[in-house]
Amino acid sequence: DGTDCPPFAPVLGFLGSALALALACFGAAYGTAKAGMGVSTMGITHPHLVMKCIIPIVMAGVLGIYGLIVGVIISSKMAAGNAGYSLFSGYAHLAAGVSCGLANLAAGFAI
């Protein structure tokens, strides 16, 4: 009867995919900027330790890749059209995207 698969259910899934990618990239950008300032400061004060300071920049970049991977996984679970995409799947994908995105955003702020 269509009550399990309403027409707005895929919107929730795509929103989860978009939030996973967007929030993770915001976290990666903030972490990269913050670590980049640290590297430039370290280059002025202790030039021989600059290569050790590159690690946080690489780790911040990986945050964006995590968001991309989760976004692709969520969007690959969605079929073309509304064939069998339930409301439960929409909310599950929204929750997965938001949790991944917010975790990566918090990790970017923590760098």
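Counting pairs of alpha carbon atoms under 8 Å apart in space and at least six apart in sequence, what relative contact order in percent does the chain give?
Values: 170 pairs, mean separation 58.8, N = 111.
That works out to 53 percent.
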Using a probe of 1.4 angstrom, how much of the accessible area of the chain is carbon and sulfur, in percent? 78 percent
Label corresponding to semi-axes √(5λ) of the Cα gyration tensor in Å when calculated from the structure given, among [x] 28, 23, 14; [y] 28, 18, 11; [z] 40, 10, 7: [z]
Which whole-angstrom value gives the distance between the alpha carbon centres of segment 48-106 and segment 1-38? 7 Å
Accessible-area order (highest first, 1.4 angstrom probe) of the listed residues ILE65, ILE74: ILE65, ILE74
Determine the per residue accessible area of the chain with all protein chains present and a 1.4 angstrom probe, expressed in square angstrom. 58 Å²
With all protein chains modelled, accessible area of LEU102 [1.4 Å, Å²]: 90 Å²
Quick check: with the 1.4 Å probe, what order do LYS34, LYS77 take by accessible area, largest first? LYS77, LYS34
Per-residue [θ]222 nm for the chain (sum of -39500 (n - 2.57) over DSSP H runs n ≥ 4, rounded to 500): -27000 deg cm²/dmol
Principal-axis tilt of helix 55-76 within the chain, Cα atoms, nearest 10 degrees: 10 degrees
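The values are calculated or read from the model by the stated rules, or taken from the named source; none is laboratory data. Just so it is clear, the structure is predicted and the values come from calculations on it, not from any experiment. For the accessible areas, the whole protein counts, side chains as well, though only heavy atoms, and no ligand, DNA or RNA atoms are used. Shrake-Rupley method; radii C 1.70, N 1.55, O 1.52, S 1.80 Å.
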